[in-house]
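The values are calculated or read from the model by the stated rules, or taken from the named source; none is laboratory data. What you see is a predicted model, and the numbers here were worked out from it, not measured in a lab. Here Cβ is always computed from backbone atoms with ideal geometry, including for glycine, and neighbour counts include all displayed protein chains. Accessible surface is based on the protein model in full, side chains and every heavy atom, while ligands, DNA and RNA are left aside. Shrake-Rupley method; radii C 1.70, N 1.55, O 1.52, S 1.80 Å.
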Amino acid sequence: TPVIRVAIAGYGNLGRGAQAAIKQSPDMQLVCVFSRRDPASVTLIDPSVPVYAMDDVAQYKDDIDVLILCGGSKSDLPEQGPAFAGLFNIVDSFDTHAKIPEYFAALDAPAKKANKVAMLSVGWDPGLFSINRLYGEAILPVGETYTFWGKGLSQGHSDAVRRVGGVKSGVQYTLPSEPAMARVRNGEQPTLTTREKHTRECYIVLADGADADTVRNTIVTMPDYFVDYDTKVHFIDQQTFESEHGKMPHGGFVIRSGVSGMDNETNNQVLEFSLKLGSNPEFTASVLVAYARATYKMSQAGETGARTVLDVAPGLLSPKSPAQLRKELL
Ligand code: NDP
C-alpha cells in the first residue's frame, strides 16, 4: 500500500498534535508544514520537515494527498477551508456547531469542482460525540440524549476570568455534575437545567493588592459565562499555577437513555460513550489524522465534495484492510 502524503496547515496546539499523531502512523508521511508566520520563526516539535509560507500552498498541490487544517474555527477555517478545498483533499476540526451547515456548503462547491474530498468538523465534539449521538438516536428512537463535558479546561472561560481586574493568572475547568449523570445512567430521563448539568471551577492567581472577595464575586456573577452555573473559585500562588495548570485536559460523556419493548413490557437501555483526555489538542489531532486516512481512501475511490464524520464508514479510519478488520475486530 502506498504511503499517504500529508501536510499540516497552521501550527498551533493542533498542528503540533497532528505532527505527533502522524509520527505514530507508519502508513503516512508528513511532507511539510504551512504557516502564515515567517517560516523561520516557527519551531516544530520535530524539525525533520520543512516549514513553508501558507501563501505558497498551491505550489505543492501535486505533492500532497491530504492537507490537515489546524487553524482556529473562529476566523482561520472560514477563510482557509473554502480556499484550500479547491486545491487539496482537506480535513479540519471546525467546531462552531451552529455554523456547520453553512460551512459544509462553503466547502462542498469548491471540493466538487476540483474533484476533491473536504472532511469537516472532525474531532471529538463535533466528531466522535456526534457519531455516538447518532448511534443513540438511531438504535433507541424512544429516549433522550445527554452530553456532559469535562472535566476540562475551557479556553473561552479561561480567557474570561483572565480579563477580570485583579487576576494575574487564571484557568477555568468545566465539570459534569455527578448527581445528574447518576440519574441519567440509572435510566431516568430527567429534564436538567444548565445549573444541574455542569459546575465550574476557577484557579486564580491574584495580582498584587487585589481583593479576593471582589474577584470571586465578579467571576461568579459574570453574565453568559458564570451566572447560570455554580462556580467555585480557588486562589493559588503562581508556582502552583505553573506546575499544576499548564495542561489542556478535557473529555466528557454522551449518554442515550432509551426504552425498548412493547407498551407495558419495556426495558431501559442505556448507551454511554466517554472520553478522558490528558491533552485535548493532541487527541483532536489524532482524530484528524485517522480521518485524513479515510479522506484519502474516499478520494481514491472517486468520491468528491464535503463530508462529515456521519458520512464515513468506520473501517476507512484504519490502516488495516477490510479483510484483516473482519478477522480481528468482528
Ligand atoms: P491555536 O490558537 O493553538 O492555533 C490556531 C492557529 O494560530 C495556528 O494554526 C497558527 O496558524 C496560529 N498560531 C499558533 N501559535 C501561534 C503563535 N505563537 N503566534 C501566532 N500565531 C500562532 O489553536 P488550537 O490548535 O488549540 O485549536 C484550533 C482549533 O481546533 C480551535 O479553534 C477549535 O475550534 C478546534 N478544536 C476542535 C475540537 C473538536 O472536537 N472538533 C476540539 C479542540 C479544538 P499559523 O501557523 O498559520 O500562524
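Of all residues in the stretch 73-92, which are of a type in the set (Gly, Ala, Ser), within 12 Å of Gly10 (Cβ to Cβ) and surrounded by 17 or more Cβ atoms within 10 Å (Cβ to Cβ)? Spell out how you get there, then give the answer.
Taking the stretch 73-92 as the starting set, the residues that turn out to be of a type in the set (Gly, Ala, Ser) are 73, 75, 81, 83, 85-86.
Still in the running and within 12 Å of Gly10 (Cβ to Cβ): 73, 75, 81.
Once the filter is applied, which keeps residues that are of a type in the set (Gly, Ala, Ser), within 12 Å of Gly10 (Cβ to Cβ) and surrounded by 17 or more Cβ atoms within 10 Å (Cβ to Cβ), the stretch 73-92 yields Ser73, Gly81.
Answer yes or no: is there a residue in the stretch 127-149 that is closer than 30 Å to Ala207 by Cβ and modelled with pLDDT of 95 or more. Give the steps one after another, and end with the answer.
Residues of the stretch 127-149 that are closer than 30 Å to Ala207 by Cβ, as a first pass: 149.
Then drop every residue that is not modelled with pLDDT of 95 or more, which leaves 149.
Yes: the stretch 127-149 contains one or more residues that are closer than 30 Å to Ala207 by Cβ and modelled with pLDDT of 95 or more.
Limited to the stretch 60-72, what total is found for residues that are surrounded by fewer than 21 Cβ atoms within 10 Å (Cβ to Cβ) and under 12 Å from Gly10 (Cα atoms)?
1
Here are Leu140, Leu153, Leu120: which of them is within 15 Å of the ligand (Cβ to nearest atom), more than 22 Å from Gln172 (Cβ to Cβ) and in contact with a Lys or Arg (Cβ under 8 Å, 6 or more places away or on another chain)?
Details: Leu140 fails: within 15 Å of the ligand (Cβ to nearest atom); Leu153 fails: more than 22 Å from Gln172 (Cβ to Cβ).
Being within 15 Å of the ligand (Cβ to nearest atom), more than 22 Å from Gln172 (Cβ to Cβ) and in contact with a Lys or Arg (Cβ under 8 Å, 6 or more places away or on another chain) holds for just one of Leu140, Leu153, Leu120, which is Leu120.
Could you check the stretch 123-137 and list, in sequence order, the residues that are touching a strand residue (DSSP E or B) at 6+ places or on another chain (Cβ under 8 Å), within 15 Å of the ligand (Cβ to nearest atom) and not in a loop (DSSP other than H, G, I, E, B)? Step through it out loud before you land on a result.
Here is the first cut: in the stretch 123-137, the ones touching a strand residue (DSSP E or B) at 6+ places or on another chain (Cβ under 8 Å) are 124-125, 128-129, 132-133, 135-137.
Right, trim to within 15 Å of the ligand (Cβ to nearest atom) and you get 124-125, 128-129, 132-133.
Within the stretch 123-137, Trp124, Leu128, Phe129, Asn132, Arg133 qualify.
Taking only pairs six or more apart or across chains, which ones have beta-carbon atoms under 6 Å, a first residue in the stretch 93-116 that is closer than 19 Å to Cys70 by Cα and within 16 Å of the ligand (Cβ to nearest atom), and a second residue that is of a type in the set (S, T, N, Q) and open to solvent by less than 30 Å² (accessible area, probe 1.4 Å)?
Matching pairs, first to second residue: Ser93/Thr284; Phe94/Ser73; Phe94/Ser121; Asp95/Ser73; Thr96/Ser73; Ile100/Ser121.
For the stretch 230-330, list the strands (runs of 3 or more DSSP E) that sit wholly inside it and hold at least 2 residues that are in contact with an Asp or Glu (Cβ under 7 Å, 6 or more places away or on another chain) and crowded, with 16+ Cβ neighbours inside 10 Å; which are they? Steps first, answer last, please.
Numbers: elements: 230-235, 250-262, 265-277, 305-307.
The strands (runs of 3 or more DSSP E) meeting that bar are 250-262, 305-307.
Given Ile90, Ile8, Ile22, which one is within 13 Å of the ligand (Cβ to nearest atom), closer than 24 Å to Lys297 by Cα and not in a loop (DSSP other than H, G, I, E, B)?
Working: Ile90 fails: within 13 Å of the ligand (Cβ to nearest atom); Ile22 fails: within 13 Å of the ligand (Cβ to nearest atom).
Answer to the check: Ile8.
Tell me yes or no: at least one residue of the stretch 200-216 is among the aliphatic types (A, V, I, L, M), part of a strand (DSSP E or B) and open to solvent by 40 Å² or more (accessible area, probe 1.4 Å). Spell out how you get there, then give the answer.
We begin by selecting, within the stretch 200-216, every residue among the aliphatic types (A, V, I, L, M); these are 204-207, 210, 212, 215.
Subset that is part of a strand (DSSP E or B): 204-206.
If we keep only those that are open to solvent by 40 Å² or more (accessible area, probe 1.4 Å) too, we end up with 206.
Within the stretch 200-216 (the criterion being among the aliphatic types (A, V, I, L, M), part of a strand (DSSP E or B) and open to solvent by 40 Å² or more (accessible area, probe 1.4 Å)), the answer is yes, since at least one residue qualifies.
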